[in-house]
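Below is one structure, written out as structure tokens, with a few remarks after it.
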């Protein structure tokens, strides 16, 4: 019968109901089986590090993990990275061609910030000056500072001169302003007068007193000034009276058409044409009948011809 070692711990042969994890791992801490931990609150707790061999990973939600260093091909967010540390000695390249950096707060730089162009409201930026002009600006600022005494005296002179300015403004209001200052250069005008440009930067008045009733305004022959003119062919107001679409003459004289010495109410020198005539034609003379129509002619009066009458 083979011999048995009497040095082996008896604890390694306890019944399964009294075994502890320490007892099991004393015999061997490795297994090829899947280990399931079902404690609903905390399934594993370690007082030292937990290692995963190369080529293997932690799987599942690591959202509550802290102090996680991202490395290799692992992908994290900028928040998780900066939670571990927001400073870096490396140059950071932002390659988005539209908007590379967007912030809702201030940007504080301990050194220069370079860009091909800056966009947005720069009204609160201070200390901006052309580098090529800084030397000249320095001399100008120095001159301005040393000239404060002179400025104070000038301001004092301006304040004490306000009374004189009031007098000058009153004088200005009462003066006739020339054309080049927006005025007319004229002392005044009367109702109905017409102001016109008689020459470059020169205004003149066409007085209404120079006109008579019924005249109209026109340009003179040289088209350099307006003038009052009488309606051609008459003097004063029109002798005709208009009633809706009719026009009539109620005067005591005669009317001539192409006749300067009318002897009748209407005297026409030249031919007249009408579709027909109405009224008594007994005084019409030199009428030759060229065509008679077959109609009845009523003769109200027959006069004897002169003795020298003869038939044509």
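Laboratory data are not the source of any read-out in this text; all were calculated from the coordinates shown. Here the structure is a predicted model, which means the values were calculated and not measured. FYI the Cβ positions are ideal-geometry reconstructions off the backbone, even for glycines, and counts take in every protein chain you see.
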> Using a Förster distance of 45 Å, how high is the FRET efficiency between residue 45 and residue 98, based on the Cβ-Cβ distance and rounded to 0.05?
Replying inline: 0.40
>> Could you work out how much longer the chain between residue 276 and residue 254 gets when fully extended? Use 0.36 nm per residue separation minus the Cα distance between them, nm to one decimal.
In response: 5.6 nm
> Once label points are set 7 Å from the Cα along Cα→Cβ at both residue 80 and residue 194, what is their separation, rounded to one decimal in nm?
Replying inline: 9.2
>> Starting from 0.36 nm per residue, how many nanometres of slack lie between residue 59 and residue 30 once their C-alpha separation is accounted for?
In response: 8.4 nm
> Full extension from residue 208 to residue 246: what is 0.36 nm times the residue separation minus their Cα-Cα distance, to one decimal in nm?
Replying inline: 10.4 nm
> Hey, can you rank 43-53, 246-256 by average C-beta count inside 10 Å, highest first?
Replying inline: 246-256, 43-53
